[in-house]
Structure formats: structure tokens, C-alpha cells
């Protein structure tokens with residue numbers, strides 16, 4: 001997160017997954033509200049635009065990405081580019097390791113994806 005004062009932050013994010021021969025990329029730049037609790041855990045919630053990029057969409061298997069009716073019209077093009085939105089939230093714990101848990105939901109046209117991540121924060 002890139003802080004903007006004490007309450008706001010820009011939270012950029014890049015996600016990648018592979019379905020069949022297709023590579024699915026999501027790029028987000030969310031505006032997040034941060035709630036620092038001093039010595040206890042800190043929370044955040046945010047939302048923003050999402051750019052969705054699919055490579056090799058026409059090379060997926062029958063059960064893979066190109067069979068999806070969502071982008072059936074674009075499946076002859078090996079690359080799909082769409083805009084959508086996302087929401088996210090999380091909790092970060094204080095201490096020397098600073099672990100965090102975050103959840104994200106992306107929506108691009110009729111395509112929906114959600115996920116949860118656990119990690120360690122670096123820096124302050």
C-alpha cells in the first residue's frame with residue numbers, strides 16, 4: 001500500500017492464474033481506507049478499477065477458458081482485454097513478522113473471481 005495520509009492508501013495489485021493454455025491477469029489500483037489500531041491489528045477495505053488481460057484465450061482446452069460463454073465472441077482473438085472493478089479487505093497484525101490476511105473479489109462483465117491470501121508484510 002502507498003499511504004496518502006493516515007486514513008487513505010493506494011493499493012496496487014497484480015494477480016495471475018492459468019486455465020488450460022490461457023493466462024489470466026488482473027491488475028488493480030484500489031483506494032483503501034485504513035484503520036490503524038495502534039498496538040493491535042490494523043484493518044483495511046478498498047475498491048477500484050480492474051484491468052483484465054487474457055493471453056492465449058483461443059488455445060484453451062474444451063473445458064478451459066475459451067469454452068466459457070462469457071467471452072465466446074472474443075475467443076477467436078488470442079488476447080482478451082476488459083475493464084471491471086474489484087473490492088478487497090484485510091487485517092494485518094503487529095509484531096516482528098507482521099502477518100496479514102486479505103480477501104479480494106473481481107468482477108469483469110459476467111466473469112467473477114474471488115480469493116484469499118496470507119502473507120508477511122515488509123517494511124513499516
Residues (surrounded by 13 or more Cβ atoms within 10 Å (Cβ to Cβ), more than 15 Å from residue 114 (Cα to Cα) and in contact with a strand residue (DSSP E or B) (Cβ under 6 Å, 6 or more places away or on another chain)) located in region 4-30: 9, 10, 11, 22, 23, 29, 30
With the requirement that a residue be surrounded by fewer than 16 Cβ atoms within 10 Å (Cβ to Cβ) and at pLDDT below 85, what does region 37-57 give you? 37, 38, 39, 40
Please work out if residue 117 is closer than 21 Å to residue 11 by Cα, at pLDDT 90 or above and in a strand (DSSP E or B). yes
Does at least one position in region 37-48 carry a residue that is more than 23 Å from residue 94 (Cβ to Cβ), outside any loop (DSSP other than H, G, I, E, B) and free of Cβ contacts under 8 Å to residues at least 24 places away in the same chain? no
Looking at (1) at pLDDT 90 or above; (2) part of a helix (DSSP H, G or I), which one does residue 106 not meet, given that it meets all the others? (2)
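The values are calculated or read from the model by the stated rules, or taken from the named source; none is laboratory data. Everything numeric in this text was worked out from a predicted model, so none of it was measured. Positions of Cβ are generated from backbone atoms using ideal geometry, with glycine treated the same way; all protein chains shown enter the neighbour counts.
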